[in-house]
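J.: Here it is: the structure, laid out below.
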Amino acid sequence: MDPNILSIIIGAAALIIGLVLGKLIFAKNTTRKLEEAELQSQTILKEAELRAETIRKEKELEAKERFVQLKSVHEKEVNERNRKMNDAENRVRQKEQAITQKETSLDKQIKDNDTIKDNLNRQIELVNIKRTELEKHQEEHIRRLEKISNLTAEDAKAQLIESLKNEAHTQAVGIQQEIIDDAKQKANKEARKIIIQTIQRTAAEQAIENSITVFNLESDEIKGQIIGREGRNIRAIEAATGVDLIVDDTPEAILLSSFDPLRREIARLSLQRLVTDGRIHPARIEEVVEKTKKQIEEQVMEIGERTVIELGIHGLHKELVRMVGRMRFRSSYGQNLLMHSRETANLCATMAAELGLPPNMVKLAKRAGLLHDIGKVPDEESELSHAPLGAKLAEKYGENPAVVNAIGAHHDEMEMQYVISPIIQACDAISGARPGARREIMQQYIQRIKDLENLAMAYEGVEKAYAIQAGRELRVIVEADRVSDQDSERLSFEIAQKIQTEMTFPGQIKVTVIREKRAVNVAR
């Protein structure tokens, strides 16, 4: 055989063998790679299934937590709505009970009044019949007496009147002396009794009016923030300011209660800042209260310095200047203490100058007038009344002895030793007692005037009633045809007694009943 053909055959056989072997090797590698890929895919699927299970469980937990939160919020809203509805139902029920009681009382009064009116009409008829019979008997009796005594009825009447007049005058003098002696013995006792009753009627209202400040809120939701969790915020505010916070059912309002007006002002400003800021917690409360106290102290000093500069008073100790500034936050019966002290100072200077005192005494009088009530604004409580305490403070800070004595003696608790002392006392009384100086809240004043007039108009025979002189006098005009002079005196007494027992008022109220008979004719 040809060698070339042989080599070709051998080459072809080798090529075929190589191709077969390569194909076998490639198939084996492919099978191995497929097995590896299948194993890897199974691993990835298992990991994906585990991850999906984990995510599913996490989402379920989040959904459960969200459901619990929404359920809690919903229950709170439902409970709050139920509570408000219960409160509203209770208030409506109480009003219904009150109205029912008033209706029952009014029905009973109407029935009693009708019964009384019927009895009065029957009694009036009987009285008229008896009066007619009595007049007939009197006429018959007078005719008989005239025959027996040979005197006319007018002569006998004149003699009898003269005799009775002398006897009555003698008895009246004796009774008058007995009444005067008895009145002198009982005067002090009755005076104390009247003063005690007056204090009982007016003390509570004045205490409430002068120790309460109302802090208005935009909504009742802020009350919860102010109270805080388990009341920690409200306790922090009370501890930092020394003021009691009263959170009740009053809508959109909180009451600040304290006898110290400066503390109430600090608490009011602090609450205002906290509510505006929105961050209310114990640490923030202490920080805001401290800043407010510093601001108020600066304001007090500024007010005191401005006051002494405007009045032209020099050389006043800084502590006394600060006390003058504190007067701005104190009042008495609606009269601001700083305004009262300034007015008293100007009155003292004017009166001292009019009396012809030397210029240095005029300045001392003005100085004492400004400082006469500093005992009402001490830094620490004292058992002394405000006049001796003010004198003690003035002496401590180096004031002139004349000023010290005028301050301590303006309520007669010390002996007056200088000429300006009675001036201070008189000007203090003038400033406090002048009309319009010490007044009530406008609504209370108007209501008291209306109540006075309505009380008088409720009596039979009263035509008009006017409360004058800021409610210190009640003028009652009655119908002359229905009310006699004796009835006028009785009516005045009854109205005064009813005012005393049913109303609260400062000072005293004079009741004047006016009965006037007018006869009017026209000449033509």
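The values are calculated or read from the model by the stated rules, or taken from the named source; none is laboratory data. As the structure is a computational prediction, the values presented were derived from the model and not from experiment. Quick reminder, even Gly has a Cβ in these numbers, built from the backbone with ideal geometry, and neighbours come from all protein chains shown. Calculation scope for accessible area: heavy atoms of the full protein, side chains included, ligands and nucleic acids excluded. Shrake-Rupley method; radii C 1.70, N 1.55, O 1.52, S 1.80 Å.
J.: Quick check on my filter: what residues within the range 224-250 are surrounded by 18 or more Cβ atoms within 10 Å (Cβ to Cβ) and touching a residue at least 40 places away in the same chain (Cβ under 8 Å)?
T.: Ile226, Asn233, Ala236, Ile237, Ala240, Thr241
The rows are residues; the columns are (1) among the charged types (D, E, K, R); (2) open to solvent by 10 Å² or more (accessible area, probe 1.4 Å); (3) closer than 16 Å to Asp379 by Cα.
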site: Ser258; (1), (2), (3): no, yes, yes
site: Leu262; (1), (2), (3): no, yes, yes
site: Ile266; (1), (2), (3): no, yes, yes
site: Arg273; (1), (2), (3): yes, yes, no
site: Thr276; (1), (2), (3): no, yes, no
site: Pro282; (1), (2), (3): no, yes, no
site: Val288; (1), (2), (3): no, no, no
site: Gly304; (1), (2), (3): no, no, yes
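J.: Let me ask something additional. Restricting attention to the range 267-300, report how many residues are charged (D, E, K, R) and outside any helix (DSSP H, G or I).
T.: 1
J.: Go through the residues of the range 64-81 one by one and say whether even a single one is assigned to a helix (DSSP H, G or I) and farther than 30 Å from Asp220 by Cβ.
T.: Looking for residues that are assigned to a helix (DSSP H, G or I) and farther than 30 Å from Asp220 by Cβ, one finds at least one in the range 64-81, hence yes.
J.: Still on this structure, I have one more. Would you mind telling me which numbered condition in (1) polar (S, T, N, Q); (2) surrounded by 11 or more Cβ atoms within 10 Å (Cβ to Cβ); (3) at pLDDT below 85 Gln497 fails?
T.: With respect to (1) polar (S, T, N, Q); (2) surrounded by 11 or more Cβ atoms within 10 Å (Cβ to Cβ); (3) at pLDDT below 85, Gln497 is out only on (3).
J.: Do we have any residue at all in the range 387-406 that's polar (S, T, N, Q) and at pLDDT below 90?
T.: No, the range 387-406 contains no residue that is polar (S, T, N, Q) and at pLDDT below 90.
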